[in-house]
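Below is one structure, written out as structure tokens, with a few remarks after it.
All of the numbers you see were taken from the coordinates with simple rules; none came from a lab. Predicted, not measured: the structure shown is a model, and the values here were computed from it. Reconstructed Cβ throughout: ideal geometry from the backbone, glycine too, with neighbour counts over all protein chains shown.
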Amino acid sequence: MQKNACDMGNLFSDLEGLRIAIDMEARGRDFYKKAYEQAKNQEHKDLFMFLMNEEIYHHEKFTALYNKLKENKDADASDYLFDQETSKYLTVLAEPHIFPKDKAAQSLPELNTIADILKAALQDEKDSILFYDALAKCAKFEEARTIFNQLKAEEQTHVVKLREMLDAWA
């Protein structure tokens, strides 16, 4: 019987997933703040402000859940762990690709058009969906799974809004 990615060795935890997600949301907030500052059209500014506020909300939600899980960590520490393959996948997927730390500071000015900014944001939101989906599938705690699924759904609405905006811009 073949094991799935969530059944192998234990390295990556729900807490670690939340920590990475907290960092991703902070980077997303910074990206959308820069996009807001760079946008000329009020409709675009409004969308980027909305997305920035969503990232702030997600950051706060993750931070609260992280603190709660860490505080209530009375179960065996291994209960919090993902498997080795999932751990590697999540780390590779999230840290260098989804709203990279230098993206807001360095590459946003290189994104000269609103279409360039929208395409970059769209890709990061799609990558976020994959990340949250993987976290939800392998989460050991139902509360974490529920939050990851909710955030995946919210990111999907961001993709739709960004796609509509990009299509209207083209």
- Task: Between residue 168 and residue 64, with labels modelled 7 Å along Cα→Cβ, what's the label distance in nm to one decimal, could you check?
- Result: 3.1
- Of 45/137; 119/140; 68/152; 68/119; 45/140, which ones are farther than 30 Å apart at the Cα? 45/137; 119/140; 68/119; 45/140
- Task: For residue 40 and residue 149, compute 0.36 nm times the residue count separating them, minus their Cα-Cα distance, and round to one decimal in nm.
- Result: 35.9 nm
